[in-house]
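S.K.: So that we are looking at the same thing, I have put the structure below in structure tokens.
Bear in mind these aren't lab numbers, they're just calculated from the coordinates by the rules spelled out. These numbers were taken from a predicted model, which means no experiment stands behind them. Because the Cβ atoms are built from the backbone with ideal geometry, glycine has one as well, and the counts that use them run over all protein chains shown.
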Amino acid sequence: MSITKLKSVNGAEIMENIENKTIYLVETVLKRLDVHVDIPRYIYGVEEAKEFLVQLIGDKSLENFYAIYMSAANEVQAISFIAKGDAVNVTMSIGEVIRIALLSNAKYIMVAHNHPSGIALPSDADKNITKQIAQAAKLFNIHLIDSIIVCKNGEFYSMRKMVNGDGYER
């Protein structure tokens, strides 16, 4: 969804000052744009996010990387499209994930990307980038609560326990 589309919707003038990768969750705007995803109001972990993420990126033919930003009360503040890759990988900027977290006053981040292959298992690159995002976020007292891989068949994989053994500290 582009910022141009959002600007064209009545009541979305505030979007003018937001960079084109960040989608602030204004459900009425999304409905007017005919975007059919059920956005959870609160996200505590994969259970609240998996259906939304499968709807958002599960069926994409190229890898897409998104970040969801939550307040200290786990209320969704923003969703950001971070990067698009090819059929087997995506290169993204950790700095962009953290920058948007700071701009949205996020306390928690959840990142997600899809695997067009339909195999929801993390690669070494997936594991490494998840660790790097968690470490960078921690510098700003922001916590990565999960990194999720989703597929069009509804399969998903949570990498929460792969970092620090028992998940990310909250």
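S.K.: Can you tell which of Ala137, Tyr42, Ile109 lies farthest toward the positive end of the dipole of region 37-170, using +1 and -1 charges on the Cβ of basic and acidic side chains (Lys, Arg; Asp, Glu)?
M.R.: With unit charges placed on the Cβ atoms, the residue in question is Ala137.
S.K.: I need the shape label for region 49-100. Rule: rounded when a/c is under 1.5, else prolate if a/b > b/c, else oblate, with a, b, c from the alpha carbon gyration tensor.
M.R.: Judged from the Cα gyration tensor, region 49-100 comes out oblate (a/c at least 1.5, b/c at or above a/b).
S.K.: Same structure, new question: Hey, could you pull the Cα Rg and Dmax for region 32-157, both in Å?
M.R.: 13.5, 40
S.K.: Give me the distance in nm between label points sitting 7 Å out from Cα along the Cα-to-Cβ direction at Asn89 and Leu62, one decimal.
M.R.: 1.6 nm
S.K.: Amide H to amide H under 5 Å from Ala78: which residues, 5+ apart in sequence or cross-chain, H placed 1.01 Å off N in plane?
M.R.: Tyr69
S.K.: If packing is taken as the mean number of other Cβ atoms within 10 Å per residue, what is the order of 86-98, 45-57, highest first? Walk me through the intermediate numbers first.
M.R.: Details: 86-98: 15.0, 45-57: 18.8.
Packing order, densest peptide first, comes out as 45-57, 86-98.
S.K.: How do 65-77, 123-135 rank on mean C-beta neighbours within 10 Å, highest first?
M.R.: Working: 65-77: 19.8, 123-135: 15.8.
Sorting 65-77, 123-135 by mean packing, highest first, produces 65-77, 123-135.
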